[in-house]
Each structure stands twice: as structure tokens, then as C-alpha cells.
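Some notes on the structure that comes next.
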Amino acid sequence: MNIQWFPGHMAKTRRIMAENLKLVDVAIELLDARIPISSRNPDIDTLLKNKPRVIALNKSDLSDPARNEEWKDYFAGKGISVVFTNAITGMGLGELKSKLRELTRNKLESAQARGRLHRPVKTMVVGIPNVGKSAFINKIAGKASAVTGDRPGITRTQQWVRVNPEIILMDTPGILWPKFEDRNTGLNLAFTGAIKDEIMDTAELAAKLMEVLADTYPEKIMERYKLESVEGKTGFHLLEEAGRRRGCLVSGGEVDLNRIAVIVLDEFRGGKIGKITLEFPPREDIEK
């Protein structure tokens, strides 16, 4: 599958972000803890340049706890401090606020010296579609300030949200980049729901996901879909077998692949298959 998705509003959002960055003290880059590399938009580095940033690995309740620790070590080895967050429960948000204040302490003290005693930290939240930015902002602000949803592309305009007297956030729509150079990046984004399902063959996507999970977490899909074995089976064979186990049949006893595909994708994205991380840090970086 060659997956690409860059609708026109994303190009407009990129321009708006670039224009508004001069108003911001620090950026919060929200990544999906299940795909920490694939969910990093390379354009964000270009936009932020030397702007201070905090990386929040969101949806960490859905990712593999053992892999979370490996990713933490990986980023630490590159001098990047990360916070694991859960926008639903609020986990990690207190630590995140502390890091924002730490990164902007000098700038705020300089403003106070010039007489601006109550100058708040201005931050921008950036990330790919469906990574949980709006839910994250609502939780950190303690109120429903941003529109939320489980589909990519819900937020279409930027908006300022006051967290408390010390911090205000700019919410921005999720953006991807014009071309995914790595095929696996597109697949990982599609698996996690960052790309609209409507532009893809969901049966083919779900079959590919089953193939990936059979290689990385075979016991989880065997338990969830009552599969006897995954050895030597293609993704479509596994999807078909799961469909039979779930009773997703049409007349003649054929499996309704589209129906079971939607079920598999929804259950993966909702964490019902288990806590799963699709990307692993390079082993040599962890060892270092």
C-alpha cells in the first residue's frame, strides 16, 4: 500500500503556524507513543527551528510499557526530554507544566525585570492528526475548550486557550507532510488513525496490520481472535480466520472482510487487542 494524504487545509495550516510561532515561547510537540518516529512530522523541525520544545508521548496508556521505557532512554540519549501523557486521565500533565516553566524561566524573568510581572507562558501545541491534541488541551485546561473527536482533521483553525494565569496554549490543526518517504511511516499512521480510512482499502490495511502484529505480538492477536496459530499465514488469512471466529459471514459462508477489517482496526486503536507499540528504538541506541 502506497499511502499519501495531504489535503489543502494542511498546507494552509503550515503557513499559519509559521506566522504565529513568533508569538510563542515554547512548543509542545505531541507524538503518538505507539509510533514515536512515524508520528514526528519532519516539517515541525523546520518550523520550530531553535524554539524550545517539550515532547509529549501521548496515548501512552495504549502503548507497550516496556517499549515506553526504551523510547524514554532513546530520546534521553539524544538529549531530548520526554513526558508520557494520557489526555483522557491527565497523566503526565503536571510534569509537563513544570517543564514548560523550566524552559521559559529566563525569558519570563527578563519580562518581569522590564515590569511585566504577570507575563504568561505562551505555548503552541503541534502534532499530526488524531494524536489527541484537542483532548490534551481540554484536559490540561480543565474545560472543554477545543473540539474533540476520534477522526483525523477535526480541528481546522488555530485558537488560544488559557490553562491558568501562568500558561496559555495555541491549539493548531493536525498536519502531515506532503510525501512519506518511508512506506512503513504511511502504514503506521494509517494503523493508528492519523489518516482517513475513507482514502484506503480497509481490508488491505487491516490485513497488513494483522501481518505486523503476528510478527511482533502474536500472542495478543491469537488470544483476542481465538486463533490457533499465526505461523506461515498471510495477513489476509489471519483476517479471514478472525472473521470466521467473530461470525462476520455473508451468504454462502464467505467472510465479510470489510466488516472484520473495521472491527480489527477499531479494536487495535482502542487498545482492546492489548498495549502495543509498533516501532522499536534502534537497539544500538538503547545499549549506548
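Residue separation of Lys233 and Glu102 scaled by 0.36 nm, minus their Cα-Cα distance, works out to 42.0 nm of gained length. Each Lys and Arg contributes +1 and each Asp and Glu -1, all at the Cβ; summed about the Cα centre of the chain, the dipole is approximately 1740 debye. Listed from fewest to most Cβ neighbours within 10 Å, the set Val264, Val125, Val163 follows the order Val163, Val125, Val264. Give Lys99/Lys208; Lys78/Lys139; Lys139/Lys226 a once-over and call out the pairs whose C-alpha atoms are over 31 Å from each other. Table pairs above 31 Å Cα-Cα are Lys99/Lys208; Lys139/Lys226. Each label point was placed 7 Å from the Cα along the Cα-to-Cβ direction; for Leu249 and Thr89 their separation is 4.0 nm. Per residue, the convex hull spanned by the Cα atoms of the chain measures out at 138 cubic angstrom. With a simple spin-label model that places each label point 7 Å from the Cα along the Cα-to-Cβ direction, the separation between Asp266 and Asp182 comes to 3.1 nm. Taking a straight line from the alpha carbon of Lys196, these lysines sit under 16 Å away, with near neighbours fewer than eight places off in the same chain left out: Lys179. With the simple spin-label model, which puts each label point 7 Å out from Cα in the Cβ direction, the Asn164 to Leu21 separation comes to 2.9 nm. Quick one: Debye curve from the alpha-carbon atoms of the stretch 223-288 only, equal weights, vacuum; give me log10 I(q)/I(0) at q = 0.21 Å⁻¹ to two decimals. For the requested q values the scattering log ratios are -0.91.
No lab work stands behind these numbers, since they all come straight from the coordinates. Since this is a predicted model, take the numbers as computed values, not measurements. Heads up, the Cβs are rebuilt from the backbone with ideal geometry, glycines too, and the neighbour counts pull from every protein chain shown.
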